[in-house]
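**Student:** Encoded as structure tokens, here's the structure I'll be asking about.
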Amino acid sequence: EPLERFRPDYISFWSLDLPGYGQSPAPGSWTLDAVAEQVAGALRNLDRDRFTLVGNCSGAIVGLHLARKMRERIDRLVMIDPFAYMPWYFGLFLRGQFGRRAYDATFASRLGRTLTNSALQHKRTVDSHLTSSFAEVNHDTVYRYLQMLDENSNYRQFADVDVPITLIHGERTFAAVKRSIDLWSILWPLAERYELKGAGHLPLEETPQQLASILFDTLCEEQLKAEVA
């Protein structure tokens, strides 16, 4: 939605809820491969032969699974603020009953969300809120995704992904994301990298015009040139 007002008329941009969110049914099994297959089914119904995938944060990991399933239809995968591994502070939430209680206290509680957002003010802009999106979600679903991401935290497993890749991160994002960008760049030496000035971990909300310029201008122009060539 934040990108929509910057979208040129000649570009189509679809956004969908991941399985288990919004009105999308839960995946048949709680694996990222099953999630990606469900998303792939929706993408195959689009009236387009080829497209660019854009994945934000954990959505970038889903995008990597999609890139394997739909290689022949993907022109590029854009990964925004993607983690290459599970940071220790997320791993704490996965330590049995203690971890689940800690998760609920942090994200399922209004007070917890407020305190967490305040504590992370150096990782965001003044107007953005890092935890507000947790207010109206099924927390069992969120927790399942966190578990799946932990199970897929070995970034080297994606060395065989051979679509063109663009890596984008906020200037003020988490240190683990910046470290991850370096790791992804080692894994794919030809990947393009962009840093969004002033953005934290929520570039879609914090610097949508900068992000739109990369997605809709720079990358689209490159694609058009490649098609002409």
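**Student:** Sorting check: for 118-128, 186-196, which peptide has the highest mean count of neighbouring beta carbons within 10 Å, and how do the rest follow? Show your work: numbers first, answer last.
**Tutor:** Numbers: 118-128: 12.9, 186-196: 14.6.
The peptides rank, most packed first, as 186-196, 118-128.
**Student:** Let me ask you something else. Search the structure for amide H atoms under 5 Å from the amide H of ARG193, placed 1.01 Å from N in the peptide plane, and list their residues when 5 or more places away or on another chain.
**Tutor:** Amide H neighbours of ARG193: LEU167.
**Student:** Out of ILE168, ILE80, GLY112, whose Cα points farthest toward the positive end of the dipole of the chain (charges: +1 Lys, Arg; -1 Asp, Glu; placed on Cβ)?
**Tutor:** Projecting each Cα onto the dipole axis, the largest value belongs to GLY112.
**Student:** Only Lys, Arg, Asp and Glu count, each charged at its Cβ (+1, +1, -1, -1), so figure out the dipole size of the stretch 1-83 about its Cα centre, rounded to 20 debye. Could you put the intermediate results ahead of the total?
**Tutor:** Values: 10 positive and 11 negative charges, 49 e Å.
Dipole of the stretch 1-83, to the nearest 20 debye: 240 debye.
**Student:** Another question about this same structure. Provide, in order from the shortest bin, the percent of all Cα-Cα pairs of the stretch 59-135 in each 5 Å bin, continuing until the bin that contains the maximum pair distance.
**Tutor:** Spelled out bin by bin, the stretch 59-135 gives 3, 13, 16, 18, 19, 13, 10, 7, 2, 0 percent.
**Student:** Average the reciprocal distances over every distinct pair of alpha-carbons in the stretch 1-103, invert the result, and give the Kirkwood radius in Å. Walk me through the numbers before you get to the answer.
**Tutor:** Numbers: mean 1/r = 0.0646 Å⁻¹.
Evaluated over the stretch 1-103, this radius sits at 15.5 Å.
**Student:** I would also like to ask the following. So which aspartates and glutamates can LYS69 reach, going by Cα to Cα under 15 Å and dropping same-chain residues fewer than 8 places off?
**Tutor:** Cα-Cα hits under 15 Å: ASP33, GLU37, ASP49, ASP160, ASP162.
**Student:** Taking the Cα centre of the stretch 113-176 as origin, sum charge times position over the Cβ atoms of Lys and Arg (+1) and Asp and Glu (-1), and report the length of that vector in debye to the nearest 20. Please report the intermediate quantities before stating the final value.
**Tutor:** Values: 6 positive and 8 negative charges, 61 e Å.
The dipole of the stretch 113-176 has a size of about 300 debye.
**Student:** Towards the positive end of the charge dipole of the chain, with charges on Cβ (+1 Lys, Arg; -1 Asp, Glu), say which of ALA212, LEU46, ILE186 has the farthest Cα.
**Tutor:** ILE186
**Student:** Please list 15-25, 76-86 highest first by mean number of surrounding beta-carbon atoms within 10 Å per residue.
**Tutor:** Details: 15-25: 13.1, 76-86: 22.9.
So the order, starting with the most tightly packed, is 76-86, 15-25.
**Student:** Okay, moving on. Averaged per residue, what accessible area in Å² does the chain show with a 1.4 Å probe, protein chains only?
**Tutor:** Value for the chain: 54 Å² per residue.
**Student:** Now for a different question. Treating only the Cβ of Lys, Arg, Asp and Glu as charged (+1, +1, -1, -1), what charge dipole size does the stretch 151-212 show about its Cα centre? Round to the nearest 20 debye. Intermediate values should be presented prior to the final figure.
**Tutor:** Details: 6 positive and 9 negative charges, 44 e Å.
Dipole magnitude for the stretch 151-212 comes out near 220 debye.
**Student:** Just check the chain against the gyration tensor rule for me: Cα atoms, a ≥ b ≥ c as the square roots of the eigenvalues, rounded for a/c under 1.5, and otherwise prolate or oblate depending on whether a/b exceeds b/c.
**Tutor:** Working: a/c = 1.58, a/b = 1.35, b/c = 1.17.
Taking the square roots of the gyration eigenvalues as a ≥ b ≥ c, the chain is prolate.
**Student:** While we're looking at this one, here's another question. Can you run phi through the Karplus equation (6.51, -1.76, 1.60; θ = phi - 60°) for the stretch 97-107 and list ³J(HN,Hα) in whole Hz, with x for Gly and Pro?
**Tutor:** Values, residue by residue: 5, 4, x, 5, 5, 5, 4, 4, 5, 8, 10 Hz.
**Student:** Classify the stretch 107-171 as rounded, prolate or oblate, taking a ≥ b ≥ c as the square roots of the eigenvalues of its Cα gyration tensor: rounded when a/c is under 1.5, otherwise prolate if a/b is larger than b/c and oblate if not. Could the numbers behind the result be given before it?
**Tutor:** Numbers: a/c = 2.90, a/b = 1.50, b/c = 1.93.
Since a/c reaches 1.5 but b/c is at least a/b, the shape of the stretch 107-171 is classed as oblate.
**Student:** Right, next: Would you work out what percent of the accessible area of the stretch 64-141, with all protein chains in place, is carbon or sulfur (probe 1.4 Å)?
**Tutor:** Working: 2310 of 4200 Å².
Carbon plus sulfur share of accessible area: 55 percent.
The values are calculated or read from the model by the stated rules, or taken from the named source; none is laboratory data. Computed from a prediction, not measured in an experiment: that's the story for all the values here. Every residue, glycine as well, gets a Cβ built from its backbone with ideal geometry; the counts of neighbours run over all protein chains shown. Remember, those area values only see protein heavy atoms, side chains included, never the ligands or the DNA or RNA. Shrake-Rupley method; radii C 1.70, N 1.55, O 1.52, S 1.80 Å.
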